[in-house]
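Here is the structure we will look at, set down as structure tokens.
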Amino acid sequence: MLVREVAKLYFAEYTGRDRTRPQRMGFWVDRFGDRAIGDVTDDDVADALDDLAGRAGRVYAGVDADGRAVYRAKRRPLSGSTILRYLSALSALCTFAIRRRLVPRGWPHPARDIEKPKENPAKTRFLSRDEVARLLTAAKASRWERMHLFILAGIVTGCRRGELLRLKWADVDLEQGLASISHTKNGRPRLVPLTDALVAELKRYAGAPGALVFQSPRKPGQAMNVSEAFRATVRRAGLRGVTPHVLRHSCASFLVANGATLFEVQQVLGHTTTAMSARYSHLSVGHKAGLVRRVLTMENIGAAQPACARGSTEG
């Protein structure tokens, strides 16, 4: 089958919530659409990624009058993380084709052995403990009374902004200390544990089961547009470069720095693979060093002292 035909079948069954997936898949359809998917090779994919690396980035700017997505051009080239998402879109299409037996048996997956573009770790912003305290203090002065709850929930649960804004009281079990996140980016529901402090804060606002937890004060049936109030809170706290997504990164950073494995971070944040959690791996160095020094002692591993420590003259 042609790549464009496989893409149509793919989206007919696609249940994910990544609104950028069609745009990124469109790049591959434009590139390989009239070719049989079984003829696409890893060399073809590598050349396409090289072309992408020279392109200017684009940012989602809403929809036009016909409901089609509109993207605004940036001055900077595409980042490594963005190129990686393009590669992920193609990889998903190829995996779909293999699963549906739309390619010959044993077909080499052309995106599997491609060297992955490097994500820039410097762009991953985390909050320190002091910054969290400043942000939560500033939130209490917000004109939106649930700003403190929103920030605390973002840090404790690691949920994306959209996941929090779609949360209803029926999804929150205050007795068990759990929240059910049913509308996720990858379409996979998950249960998120809540801390005692977050449960106490939630109880202050508990509403009807069908009501949104973060509803708009003026339009209770709609989610709050948190952008302006959040930016004002960040300015009040004297911070820079902090967006709602930084709360999610900060959740992961606190987990890893305190001994959580990347697999555990994957489960909390709802990543589809541990590779997506790998950006936080450098934060676990201190914990791993302490673990090795505490566990792998001579006494624990039953190793004999080195000969030189016994006064031996042997080399």
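The values are calculated or read from the model by the stated rules, or taken from the named source; none is laboratory data. What you see is a predicted model, and the numbers here were worked out from it, not measured in a lab. Please note: Cβ atoms are built from the backbone with ideal geometry, for glycine as well, and neighbour counts cover all protein chains shown.
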Query raised in the report: For the stretch 222-266, which residues satisfy the criterion of being closer than 21 Å to GLU145 by Cα and part of a loop (DSSP other than H, G, I, E, B)?
Result: GLN222, MET224, ASN225, VAL226, ALA237, GLY238, LEU239, VAL242, THR243
Requested in this report: Kindly provide the set of residues from the stretch 5-16 that are surrounded by 15 or more Cβ atoms within 10 Å (Cβ to Cβ) and within 18 Å of ARG68 (Cβ to Cβ), ordered by number.
Outcome: ALA7, TYR14
Requested in this report: For the stretch 145-199, enumerate the residues that are surrounded by fewer than 19 Cβ atoms within 10 Å (Cβ to Cβ), assigned to a loop (DSSP other than H, G, I, E, B) and touching a helix residue (DSSP H, G or I) at 6+ places or on another chain (Cβ under 8 Å).
Outcome: LEU174, GLY177, SER182, HIS183, THR184, LYS185, THR195
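Only one residue in PRO110, PRO104 is touching a residue at least 60 places away in the same chain (Cβ under 8 Å), touching a Ser or Thr at 6+ places or on another chain (Cβ under 9 Å), not aliphatic (A, V, I, L, M) and not assigned by TED's automatic domain parsing to the domain that holds MET224. Which one?
On the way: PRO104 fails: touching a Ser or Thr at 6+ places or on another chain (Cβ under 9 Å).
PRO110 is the lone residue from the list that is touching a residue at least 60 places away in the same chain (Cβ under 8 Å), touching a Ser or Thr at 6+ places or on another chain (Cβ under 9 Å), not aliphatic (A, V, I, L, M) and not assigned by TED's automatic domain parsing to the domain that holds MET224.
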Requested in this report: For VAL226, indicate whether it is buried (at least 17 other Cβ atoms within 10 Å of the Cβ), in contact (Cβ under 8 Å) with a residue 24 or more places away in the chain and farther than 23 Å from GLN267 by Cβ.
Outcome: yes
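Restricting to the stretch 22-37, and then to whatever is more than 25 Å from the chain's Cα centre (by Cα) and buried (at least 16 other Cβ atoms within 10 Å of the Cβ), can you tell me which residue is nearest to ALA111 (Cα to Cα)? Give the steps one after another, and end with the answer.
If we filter the stretch 22-37 for residues that are more than 25 Å from the chain's Cα centre (by Cα), which is where we start, we get 29-37.
Within this subset, residues satisfying the condition of being buried (at least 16 other Cβ atoms within 10 Å of the Cβ) are 29, 31-32, 37.
Values: VAL29: 15, ARG31: 14, PHE32: 14, ILE37: 12 Å.
Taking the candidates together, the pick is ILE37.
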Requested in this report: Would you be able to tell me the number of residues in the stretch 1-28 that are acidic (Asp, Glu) and in a helix (DSSP H, G or I)?
Outcome: 2
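Could you please let me know if ALA53 is farther than 23 Å from GLU163 by Cβ, of a type in the set (Gly, Ala, Ser) and at pLDDT below 85?
Criteria met by ALA53.
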**Report entry** Pick from the stretch 82-124, criterion within 30 Å of VAL242 (Cβ to Cβ) and in a loop (DSSP other than H, G, I, E, B), ranking: modelled with the lowest pLDDT
**Finding:** ASN120
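Would you confirm whether or not the stretch 209-223 contains a residue that is closer than 22 Å to GLU264 by Cβ, of a type outside the set (Ser, Thr, Tyr) and surrounded by fewer than 19 Cβ atoms within 10 Å (Cβ to Cβ)? Quick ask: steps written out before the conclusion?
Let us first name the residues in the stretch 209-223 that are closer than 22 Å to GLU264 by Cβ, namely none.
No, the conditions are met nowhere in the stretch 209-223.
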